[in-house]
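Here the structure comes first, spelled out in structure tokens, and everything after it is commentary.
Just so it is clear, none of the values below were taken in a lab; they were calculated from the coordinates. Treat the numbers as computed from the prediction; the structure is a model and nothing was measured. Cβ: placed from backbone, ideal geometry, glycine included. Neighbour counts: every protein chain shown.
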Amino acid sequence: MTNPVTHDRRHFEDLAVGEVIDLGHTTVSKDMIITFAREFDPFPFHLDEEAAKTSLLGGLASSGWQTGGLSLKMLVDSFLSKIASCGGLGFNDLKWKTPVMVGDTIGGTVTIAELRRSSSHPQWGIVTMDFDVRNQKDKPVMTMRLANLVECRQAEVPA
Amino acid sequence: MTRWFEDITIDEDFPLGSHTFSAEEIIRFATLYDPQYFHVDPELAKQSHFGGLIASGWHTVSVGHRKMVDALFAEEDRLRGLGQEPGVSGPSPGVNSMEFKAPVRPGDTVTYTLTVTGKRASNSIPGWGLLFNRLVAINQHGEMVYKSDLVGFSKLRDYQMPAKLRVLLALTKVPVLGKLISRRS
């Protein structure tokens, strides 16, 4: 049974370890930071410039969850919407290294670290990807290892 | 929790409350942060193995974070009501692991629980401690939606700054010298 949404897209068999995906860029505005923080992370250091100055972040900075979300959006646009993705399994070792301040531009790369067939579902493979998100000064902003399910063209492992 | 680092108890469950996800908010979040077809298009989503629209994992996790922040604020109010000075929570350095277990569909109600599984003083930031938090999300059928191990900062109440750090901090207040010191560190 083929999925009409994804049948033209790259499948598990078309991916290779070491493939590097360019994330492009996103500039983070004060409005974006405050809108996200109001709904999901209403600490004063994500909402109020004065309170942020005296916090560990040293100024108004995006929620780490927003930084991750914006990085994920860039991966969807550049990669996940072009493969037969069937959802995320989770992630490991997420590190927020440098706060993303108002006006910063983030971008970077995602590298395919591992490809393996699912042992429980022969129609799926698992692609593991390493994020290296940086700001406009090339300073590391966030790293993580994300695991995502991808449809296989052929359910059985070729002999 | 918004208690001083010293007062935070290990392996005690803190209920963070529940959230019911609507189709509208699932699509709104995913459009901005995770626009895969099964998160943004209810018709196309029927073709996926999920059989319909589901929330982005990043969305359910962001709501879980909001629930934790609300609980911190509530604890702060409670301590103030008792005439005590609340502690201070800081930003998070990261997440050790996150496992998405069951999809969240429109109308699902997810209940979040936080447990502090460990704590230690920070090596890199004097005066602060690290908290190791487990955050678990369960749906209305009792299925686990996700399980995560998070790291957070919490301020120490009883911290005495070493003499040489106090001198360094005083020097950063001298105009030109302060710039040089902060550039070095």
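Just list whichever of A:97/B:147; B:67/B:173; A:97/B:119; A:73/A:137; A:73/B:119; B:46/B:147 have alpha carbons separated by over 30 Å in the model shown.
Pairs exceeding 30 Å: B:67/B:173; A:73/B:119.
Round to the nearest 0.05 the FRET efficiency obtained for residue B:101 and residue B:173 when R0 = 41 Å and r is the Cβ-Cβ distance.
Plugging the Cβ-Cβ distance into 1/(1 + (r/R0)^6) gives 0.20.
Could you give me the ³J(HN,Hα) list for the range B:14-31, computed from phi with Karplus coefficients 6.51, -1.76, 1.60 and θ = phi - 60°, whole Hz, x at Gly and Pro?
Those phi angles translate into 10, x, 9, x, 10, 9, 9, 8, 9, 4, 4, 6, 4, 5, 4, 5, 5, 4 Hz.
Can you put B:124, A:63, A:85 in order, fewest other beta carbons within 10 Å first?
Sorted ascending by nearby Cβ count, the order is B:124, A:85, A:63.
Using modelled amide H (1.01 Å from N, peptide plane; none on Pro or chain starts), what sits under 5 Å from the amide H of residue B:16, excluding residues fewer than 5 places away?
B:112, B:113, B:114
Under a crude label model (7 Å from the Cα following the beta-carbon direction), how far is residue A:39 from residue A:51 in nanometres?
Result: 2.0 nm between the two label points.
Running a GNM on chain B with Cα contacts under 10 Å, which residue among B:171, B:32, B:16 ends up with the highest mean-square fluctuation?
Evaluated over chain B, the most mobile residue of the options is B:171.
Mind listing which trypsin sites (Lys or Arg not before Pro) in the range A:1-34 are in a DSSP loop and have 16 or fewer other Cβ atoms within 10 Å?
Hits after loop and neighbour filter: A:9.
Any idea what Rg and Dmax come out to for chain A if you just take the C-alpha atoms, in Å?
18.1, 64
Taking R0 as 41 Å, what's the FRET efficiency between residue A:32 and residue A:8 from their Cβ-Cβ distance, rounded to 0.05?
The computed FRET efficiency comes out at 0.80.
In whole Hz and in residue order, list the ³J(HN,Hα) couplings for the range A:137-146 that follow from phi through the Karplus curve 6.51 cos²θ - 1.76 cosθ + 1.60, θ = phi - 60°; x for Gly and Pro.
With coefficients 6.51, -1.76 and 1.60, one gets 9, 6, 7, x, 9, 7, 10, 6, 10, 10 Hz.
Where in the range A:56-131 are there trypsin sites (Lys or Arg not before Pro) that are in a DSSP coil and have at most 13 other Cβ atoms within 10 angstrom of their Cβ?
none
Shielding of A:8-21 by partners, i.e. mean partner chain Cβ atoms within 10 Å per residue?
For this peptide, the per-residue mean of nearby foreign Cβ atoms is 0.
Can you give the angle from 0 to 90° between the axis of helix A:30-40 and the longest principal axis of chain A, with both taken from C-alpha atoms, to the nearest 10?
70
Provide the gained length on full extension for the span residue B:44 to residue B:121, in nm with one decimal, where the gain is 0.36 nm per separating residue minus the Cα-Cα distance.
Difference between extended and current length: 22.8 nm.
Ranking A:101, B:161 by Cβ neighbours within 10 Å, fewest first, what do you get?
B:161, A:101
Roughly how crowded by other chains is peptide B:26-36, in terms of the mean Cβ count from those chains within 10 Å of each of its Cβ atoms?
For peptide B:26-36, the averaged partner shielding equals 5.
What residue among B:125, B:27, B:138 has the largest mean-square fluctuation in a Gaussian network model of chain B, using Cα springs under 10 Å?
Looking only at B:125, B:27, B:138, the biggest GNM fluctuation is shown by B:125.
Helix A:64-75 versus the longest principal axis of chain A: what angle, 0 to 90°, nearest 10, using Cα atoms?
40
Taking each residue in A:93-102, count the Cβ atoms of any other chain within 10 Å of its Cβ, then average. What number comes out?
That average works out to 3.
Enumerate the amide H contacts of residue B:121 below 5 Å, restricted to partners 5 or more residues apart or on another chain; note that Pro and chain-start residues carry no placed amide H.
B:130
Based on other C-beta atoms within 10 Å, arrange B:49, A:7, B:65 from fewest to most.
Ascending Cβ contact count within 10 Å gives the list A:7, B:49, B:65.
Tabulate in residue order the Karplus-calculated ³J(HN,Hα) for the range B:91-103, using 6.51 cos²θ - 1.76 cosθ + 1.60 with θ = phi - 60°, rounded to whole Hz; enter x for Gly and Pro.
So the J values, rounded to whole Hz, are x, 9, x, x, 10, 6, 7, 9, 10, 8, 10, 9, x.
Can you work out the FRET efficiency for the pair residue A:130 and residue B:20, with r the C-beta to C-beta distance and R0 = 35 Å, to the nearest 0.05?
That gives a FRET efficiency of 0.50.
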